[in-house]
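K.L.:
This is the structure I have questions about; it appears just below.
The values are calculated or read from the model by the stated rules, or taken from the named source; none is laboratory data. Model, not experiment: these values are computed from the prediction. Note that each Cβ is placed from the backbone with ideal geometry, even for glycine, and that neighbours are counted across all protein chains shown.
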């Protein structure tokens with residue numbers, strides 16, 4: 001079954017990738033957020049650089065925080081962003 | 001009552017306090033965060049993740065409501081371009097006693113700063129811009145409420 005994930009980028013992640021949203025067909029073996037990041041990193045140097053230090057990034061699957069190990073499952077939306085700085 | 005509002009518009013602190021006071025109790029606590037003059041800062045641009053922001057703020061308010069006896073909670077957070085001295089965020093809590101109101105207000109702010117998906121970009125007097133970085137002190141303040149996630 002083909003799975004497509006909407007990926008959203010915010011703040012400097014968005015700026016450095018030059019996009020705020022894209023639809024990404026998931027590879028067969030892409031099970032976790034870490035797998036999706038590995039997939040994206042193979043798309044080009046900008047992705048590889050931005051995603052290289054995953055410890056500086058935060059992730060949300062369908063608007064709930066997740067970790068690198070979180071299974072993507074049937075989620076429709078993955079957001080990738082820096083630590084939040086509101087308030 | 002839980003009132004959550006996220007948008008570009010400013011808020012009237014007095015009006016919001018009256019609204020919470022009207023829900024009962026006699027102890028109202030509030031916090032207002034404004035754009036601070038922090039080394040030549042002229043303005044802030046606040047970005048957020050609309051689909052997640054409301055959910056995240058509601059979750060924080062509900063956690064506060066389950067941990068303290070509150071009559072009302074208001075959380076207002078602005079987004080977009082804000083100048084020096086402008087309001088950014090307002091939290092108001094209402095309870096029967098000050099301890100609950102003040103603690104809950106503090107809890108909500110600590111969680112908001114580390115969980116709610118907002119990002120600040122600063123513009124300095126010389127036009128240079130930079131994204132604000134996470135502060136270890138904010139993370140520590142949030143983690144001290146360890147049983148209240």
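K.L.:
Looking at the stretch B:89-100, which of its residues are buried (at least 21 other Cβ atoms within 10 Å of the Cβ) and in contact with a strand residue (DSSP E or B) (Cβ under 6 Å, 6 or more places away or on another chain)? Break it down into steps so the answer makes sense when it comes.
P.N.:
In the first step, residues of the stretch B:89-100 are kept if they are buried (at least 21 other Cβ atoms within 10 Å of the Cβ); the result is B:89-95, B:100.
Correct list: B:89, B:90, B:91, B:92, B:93, B:94, B:95.
K.L.:
Determine which member of the set B:61, B:43, B:56, B:72 is under 17 Å from residue B:95 (Cα atoms) and touching a residue at least 60 places away in the same chain (Cβ under 8 Å). Talk me through it step by step, then tell me what you get.
P.N.:
Details: B:61 fails: touching a residue at least 60 places away in the same chain (Cβ under 8 Å); B:43 fails: under 17 Å from residue B:95 (Cα atoms); B:56 fails: under 17 Å from residue B:95 (Cα atoms).
One residue alone meets the criteria, B:72.
K.L.:
So, one more: What number of residues within the stretch B:31-40 are at negative phi, in contact with a strand residue (DSSP E or B) (Cβ under 6 Å, 6 or more places away or on another chain) and either more than 14 Å from chain A (Cβ to nearest Cβ) or free of Cβ contacts under 8 Å to residues at least 60 places away in the same chain (or both)?
P.N.:
Taking the stretch B:31-40 first, the residues at negative phi are B:31-38.
With in contact with a strand residue (DSSP E or B) (Cβ under 6 Å, 6 or more places away or on another chain) added as a condition, the list becomes B:31-35.
From the residues that got through so far, the ones that are either more than 14 Å from chain A (Cβ to nearest Cβ) or free of Cβ contacts under 8 Å to residues at least 60 places away in the same chain (or both) too are B:32, B:34-35.
Summing the residues that are at negative phi, in contact with a strand residue (DSSP E or B) (Cβ under 6 Å, 6 or more places away or on another chain) and either more than 14 Å from chain A (Cβ to nearest Cβ) or free of Cβ contacts under 8 Å to residues at least 60 places away in the same chain (or both) in the stretch B:31-40 gives 3.
K.L.:
Could you say whether any residue in the stretch A:18-38 is exposed (fewer than 15 other Cβ atoms within 10 Å of the Cβ), within 14 Å of chain B (Cβ to nearest Cβ) and over 30 Å from residue B:89 (Cα atoms)?
P.N.:
No; the residues of the stretch A:18-38 include none that is exposed (fewer than 15 other Cβ atoms within 10 Å of the Cβ), within 14 Å of chain B (Cβ to nearest Cβ) and over 30 Å from residue B:89 (Cα atoms).
K.L.:
Now for a separate question. Regarding residue B:103, is this residue surrounded by fewer than 18 Cβ atoms within 10 Å (Cβ to Cβ), assigned to a helix (DSSP H, G or I) and modelled with pLDDT of 95 or more? Quick ask: steps written out before the conclusion?
P.N.:
Numbers: surrounded by fewer than 18 Cβ atoms within 10 Å (Cβ to Cβ): no; assigned to a helix (DSSP H, G or I): yes; modelled with pLDDT of 95 or more: yes.
Spelling it out, it is not the case that residue B:103 is surrounded by fewer than 18 Cβ atoms within 10 Å (Cβ to Cβ), assigned to a helix (DSSP H, G or I) and modelled with pLDDT of 95 or more.
K.L.:
Please work out which one of (1) away from every other protein chain (no Cβ under 11 Å); (2) surrounded by fewer than 20 Cβ atoms within 10 Å (Cβ to Cβ) is the condition residue B:50 fails and give its number.
P.N.:
Only one criterion is unmet by residue B:50, namely (1).
K.L.:
Among the residues of the stretch B:107-119, are any over 19 Å from residue B:64 (Cβ atoms), surrounded by 21 or more Cβ atoms within 10 Å (Cβ to Cβ) and within 14 Å of chain A (Cβ to nearest Cβ)? I'd like the intermediate steps shown before the answer.
P.N.:
If we filter the stretch B:107-119 for residues that are over 19 Å from residue B:64 (Cβ atoms), which is where we start, we get B:119.
Subset that is surrounded by 21 or more Cβ atoms within 10 Å (Cβ to Cβ): B:119.
Filter once more, keeping what is within 14 Å of chain A (Cβ to nearest Cβ): B:119.
Within the stretch B:107-119, one or more residues are over 19 Å from residue B:64 (Cβ atoms), surrounded by 21 or more Cβ atoms within 10 Å (Cβ to Cβ) and within 14 Å of chain A (Cβ to nearest Cβ).
K.L.:
Restricting to the stretch A:46-60, name every residue that is surrounded by fewer than 17 Cβ atoms within 10 Å (Cβ to Cβ) and farther than 20 Å from residue A:27 by Cβ.
P.N.:
Listed by number, the residues that qualify are A:49, A:53, A:55, A:56.
K.L.:
Has the stretch B:9-29 got at least one residue that is within 14 Å of chain A (Cβ to nearest Cβ) and either within 28 Å of residue B:136 (Cα to Cα) or touching a helix residue (DSSP H, G or I) at 6+ places or on another chain (Cβ under 6 Å) (or both)? Show your work before the answer.
P.N.:
Restricting attention to the stretch B:9-29, the residues satisfying the condition of being within 14 Å of chain A (Cβ to nearest Cβ) are none.
Looking for residues that are within 14 Å of chain A (Cβ to nearest Cβ) and either within 28 Å of residue B:136 (Cα to Cα) or touching a helix residue (DSSP H, G or I) at 6+ places or on another chain (Cβ under 6 Å) (or both), one finds none in the stretch B:9-29, hence no.
K.L.:
Continuing with this model, one more query. For chain A, which fully contained strands (runs of 3 or more DSSP E) count at least 1 residues that are within 10 Å of the chain's Cα centre (by Cα) and closer than 22 Å to residue B:122 by Cβ?
P.N.:
Details: elements: A:4-9, A:21-25, A:58-61, A:64-66, A:77-81.
Where strands (runs of 3 or more DSSP E) fall fully within chain A and carry at least 1 residues being within 10 Å of the chain's Cα centre (by Cα) and closer than 22 Å to residue B:122 by Cβ, they are A:4-9, A:58-61, A:77-81.
K.L.:
Of everything in the stretch B:54-77 that's within 10 Å of chain A (Cβ to nearest Cβ) and crowded, with 20+ Cβ neighbours inside 10 Å, which residue is nearest to residue B:123 (Cα to Cα)? Explain how you work it out, then say what you get.
P.N.:
Here is the first cut: in the stretch B:54-77, the residues within 10 Å of chain A (Cβ to nearest Cβ) are B:54-57, B:59, B:77.
Next cut, crowded, with 20+ Cβ neighbours inside 10 Å only: B:56-57, B:77.
Values: B:56: 27, B:57: 26, B:77: 19 Å.
The selected residue is B:77.
K.L.:
Provide a single number: the residues in the stretch B:130-149 that are touching a residue at least 12 places away in the same chain (Cβ under 8 Å) and in contact with a strand residue (DSSP E or B) (Cβ under 6 Å, 6 or more places away or on another chain).
P.N.:
Residues flagged as touching a residue at least 12 places away in the same chain (Cβ under 8 Å) and in contact with a strand residue (DSSP E or B) (Cβ under 6 Å, 6 or more places away or on another chain) within the stretch B:130-149 amount to 2.
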